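Colleague: One structure coming up, written as structure tokens, with questions to follow.
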Amino acid sequence: MQDVVLALLAKEPSHGYELRARLHEALGPLRDALNAGQVYVTLTRLEKAGMVSAEHVGQADRPDRKVYALTAEGQQRVRTWLADVSWGRPTEFHLKLIAAAAARLADPVELVDLQRRELLRRLADAQRAALTEPEDSAAVLLLEGVILRLEADLRWLDACAHHWETK
Amino acid sequence: MTVLRAVRLRKEYGRDAGLVRAVDEVDLEVRPGETVAVVGPSGCGKSTLLHLLGGLERPTGGEVHLDGRRLDRMSETQLSGVRRKSLGFVFQAFHLVDELTARENVELPALLAGVPSRTARRRASALLERVGLADRAGHLPAALSGGQRQRVAVARALIGRPLVVLADEPTGNLDSAATAAVLRLFGSLRAEGQTLVIVTHDSRIAATADRVITMRDGALAGETRLNGGGGGLGALAGLESS
């Protein structure tokens, strides 16, 4: 979540409410996955860690609001996150593509390619391991699960590539 | 050292405003014993590329070298000889002869190439055993499942001891169990050093290759080497994060 919030701030300095709205839009019907206060808690943590700096901006008829901007350290962490191909959850990758495109940090199609190569390597490793095990071993069953998940993720990456190529 | 090589290979259809570059200046080198998978969205030109590499279609421009010979300059007669003797083809739709048994289908290209019938029969039987279908040798294609038919087609592709086997979406018509059997077969062919070029949209088939080439809009868009030794299999099981 910290990485996602940082990447969203890479486009321009912003405040908690707007970041939350952008996350809601990106998640669509899955927005329930986000707790009400999650964005604010994350921003506070990032500020403590020196990844973002906050500035109070006065508003005419409402309390001040805090506008957050990336620090140099925060920018570095965003770059590291974009290049990281360790595969977590599809939701995180989806948000990575949206944030990268919005801030023009990286070409989403290239990020998909990079990720696809990594998953293809893992699929090859898992498959080769499965082929060397006896067909009826319990370990093959476990590998089959790994293989099926990677296969599904790769198909989904194809869909991601198609979506962003036509943008 | 390469067994199959494409240089600035190009294939165009139509003309003027309707001109389509199905294959656009492709350079490719395949080494002996290597398995290369070509992937990409449908319509990216990967099947056309395979047809050009196998001499099934003539390029608009560029060169195709097979074992040092220029396929793009050959006459039709020379080409069909090369296709019979040096190449093996596997297609999505199997293309078996319905009236012939599994063994007769496998024998056919060898007989056409002038191999004595006894030798052809012996080789066909050995190959059917090799693909796990020794007990189906006398069956007609109609009596075989899709996966079995494709394994017969692979045996047929191998009978001429081809330099290169070219496979076009070999699992496109198969369910996942049949795909797994074909997958094992390609995995063992690779291990035995058979040179293979496979066009596929199936990531599991692509993952059997040494190299995966991505095509987009007729051109090569990237290459991934699958040499193993990546992050280790332990990471795939996901125990370290719990």
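Colleague: Go over the candidates A:E135, A:E118 one by one and state the one that is among the acidic types (D, E), within 9 Å of chain B (Cβ to nearest Cβ) and in contact (Cβ under 8 Å) with a residue 24 or more places away in the chain.
Modeller: Criteria check complete, one pass: A:E118.
Colleague: Further, regarding this structure: Can you tell me how many residues in segment A:100-113 are facing chain B (nearest Cβ under 10 Å) and surrounded by 15 or more Cβ atoms within 10 Å (Cβ to Cβ)?
Modeller: As a first pass, look at segment A:100-113 and keep what is facing chain B (nearest Cβ under 10 Å): A:109-110, A:113.
If we keep only those that are surrounded by 15 or more Cβ atoms within 10 Å (Cβ to Cβ) too, we end up with A:109, A:113.
Residues that pass the stated criteria total 2.
Colleague: Check B:R190, B:R204 and return the single one that is crowded, with 18+ Cβ neighbours inside 10 Å, touching a strand residue (DSSP E or B) at 6+ places or on another chain (Cβ under 6 Å), within 14 Å of chain A (Cβ to nearest Cβ) and not in a strand (DSSP E or B).
Modeller: Details: B:R204 fails: touching a strand residue (DSSP E or B) at 6+ places or on another chain (Cβ under 6 Å).
Result of the check over B:R190, B:R204: B:R190.
Colleague: Identify, from the list B:T2, B:T60, the residue that is over 19 Å from B:L166 (Cα atoms) and of a type in the set (S, T, N, Q).
Modeller: Answer to the selection: B:T60.
Colleague: Is it the case that segment A:21-35 has a residue that's among the polar types (S, T, N, Q), out of contact with any Gly (no Cβ under 6 Å at 6 or more places or on another chain) and surrounded by 18 or more Cβ atoms within 10 Å (Cβ to Cβ)? Can you show your working first?
Modeller: Applying the first criterion (among the polar types (S, T, N, Q)) to segment A:21-35 yields A:35.
Filter again for out of contact with any Gly (no Cβ under 6 Å at 6 or more places or on another chain), leaving A:35.
Those left that are additionally surrounded by 18 or more Cβ atoms within 10 Å (Cβ to Cβ): none.
No, that holds for no residue.
Colleague: Check B:D67 against each of (1) surrounded by fewer than 13 Cβ atoms within 10 Å (Cβ to Cβ); (2) within 30 Å of B:E25 (Cα to Cα); (3) touching a residue at least 40 places away in the same chain (Cβ under 8 Å) and name the one condition it does not meet.
Modeller: Going through (1) surrounded by fewer than 13 Cβ atoms within 10 Å (Cβ to Cβ); (2) within 30 Å of B:E25 (Cα to Cα); (3) touching a residue at least 40 places away in the same chain (Cβ under 8 Å) one by one, B:D67 breaks only (1).
Colleague: Of all residues in segment B:1-24, which are over 27 Å from B:T195 (Cβ atoms) and among the hydrophobic types (A, V, I, L, M, F, W, C)?
Modeller: Scanning segment B:1-24 gives B:A17, B:L19, B:V20.
Residue by residue, here is whether (1) buried (at least 19 other Cβ atoms within 10 Å of the Cβ); (2) closer than 17 Å to B:T35 by Cα; (3) aromatic (F, W, Y); (4) out of contact with any Gly (no Cβ under 9 Å at 6 or more places or on another chain) holds:
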site	(1), (2), (3), (4)
B:L140	no, no, no, yes
B:A143	no, no, no, yes
B:R151	yes, no, no, no
B:R161	no, yes, no, no
B:P170	yes, yes, no, yes
B:N173	no, no, no, no
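Colleague: Against the condition in contact with a helix residue (DSSP H, G or I) (Cβ under 8 Å, 6 or more places away or on another chain), modelled with pLDDT of 90 or more, within 20 Å of B:F91 (Cβ to Cβ) and not hydrophobic (A, V, I, L, M, F, W, C), how does B:T200 come out, does it pass?
Modeller: yes
Colleague: The conditions are (1) touching a residue at least 12 places away in the same chain (Cβ under 8 Å); (2) under 25 Å from B:T171 (Cα atoms); (3) not hydrophobic (A, V, I, L, M, F, W, C), and B:E25 fails exactly one of them. Which is it?
Modeller: Of (1) touching a residue at least 12 places away in the same chain (Cβ under 8 Å); (2) under 25 Å from B:T171 (Cα atoms); (3) not hydrophobic (A, V, I, L, M, F, W, C), only one is false for B:E25: (2).
Colleague: If you don't mind, another one. Scan segment B:45-56 and tell me whether some residue there is touching a Lys or Arg at 6+ places or on another chain (Cβ under 7 Å), more than 26 Å from B:R204 (Cβ to Cβ) and buried (at least 22 other Cβ atoms within 10 Å of the Cβ).
Modeller: yes
Colleague: Pick from segment A:47-68 the residues that are in contact with a Lys or Arg (Cβ under 9 Å, 6 or more places away or on another chain) and among the acidic types (D, E): which of them is modelled with the highest pLDDT?
Modeller: For segment A:47-68, the residue satisfying everything is A:E47.
Colleague: Would you list the helices (runs of 4 or more DSSP H) that sit entirely within segment A:69-158 and hold 3 or more residues that are at pLDDT below 90 and not assigned by TED's automatic domain parsing to the domain that holds A:L9? Reasoning before the result, please.
Modeller: Values: elements: A:72-83, A:90-102, A:108-132.
Because the criterion is at least 3 residues that are at pLDDT below 90 and not assigned by TED's automatic domain parsing to the domain that holds A:L9, the helices (runs of 4 or more DSSP H) in segment A:69-158 that meet it are A:108-132.
Yes/no per residue for (1) basic (K, R); (2) under 20 Å from B:L163 (Cβ atoms):
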site: B:R21; (1), (2): yes, no
site: B:V30; (1), (2): no, yes
site: B:G43; (1), (2): no, no
site: B:L50; (1), (2): no, yes
site: B:L79; (1), (2): no, yes
site: B:F91; (1), (2): no, yes
site: B:V106; (1), (2): no, yes
site: B:A120; (1), (2): no, yes
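Residue by residue, here is whether (1) under 22 Å from B:T48 (Cβ atoms); (2) touching a His at 6+ places or on another chain (Cβ under 6 Å); (3) without any contact (Cβ under 8 Å) to a residue 60 or more places away in the chain; (4) in a loop (DSSP other than H, G, I, E, B) holds:
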{"position": "B:S80", "(1), (2), (3), (4)": "yes, no, yes, no"}
{"position": "B:G88", "(1), (2), (3), (4)": "yes, no, no, no"}
{"position": "B:L100", "(1), (2), (3), (4)": "no, no, yes, yes"}
{"position": "B:E107", "(1), (2), (3), (4)": "no, no, yes, no"}
{"position": "B:G114", "(1), (2), (3), (4)": "no, no, yes, yes"}
{"position": "B:A124", "(1), (2), (3), (4)": "no, no, yes, no"}
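Colleague: Among the residues of segment A:121-132 satisfying the criterion of being of a type in the set (A, V, I, L, M) and over 29 Å from the mean Cα position of the chain (by Cα), which is farthest from the other protein chains (Cβ to nearest Cβ)?
Modeller: So, considering only residues that are of a type in the set (A, V, I, L, M) and over 29 Å from the mean Cα position of the chain (by Cα), the one farthest from the other protein chains (Cβ to nearest Cβ) is A:A130.
Colleague: Related question: How about segment A:115-155: which of its residues are surrounded by fewer than 15 Cβ atoms within 10 Å (Cβ to Cβ) and among the hydrophobic types (A, V, I, L, M, F, W, C)?
Modeller: Once the filter is applied, which keeps residues that are surrounded by fewer than 15 Cβ atoms within 10 Å (Cβ to Cβ) and among the hydrophobic types (A, V, I, L, M, F, W, C), segment A:115-155 yields A:A138, A:A139, A:L141, A:L148, A:A152.
The values are calculated or read from the model by the stated rules, or taken from the named source; none is laboratory data. All values derive from a computational prediction rather than experimental measurement. No Cβ is skipped: glycine too gets one built from the backbone with ideal geometry, and neighbour counts run over all protein chains shown.
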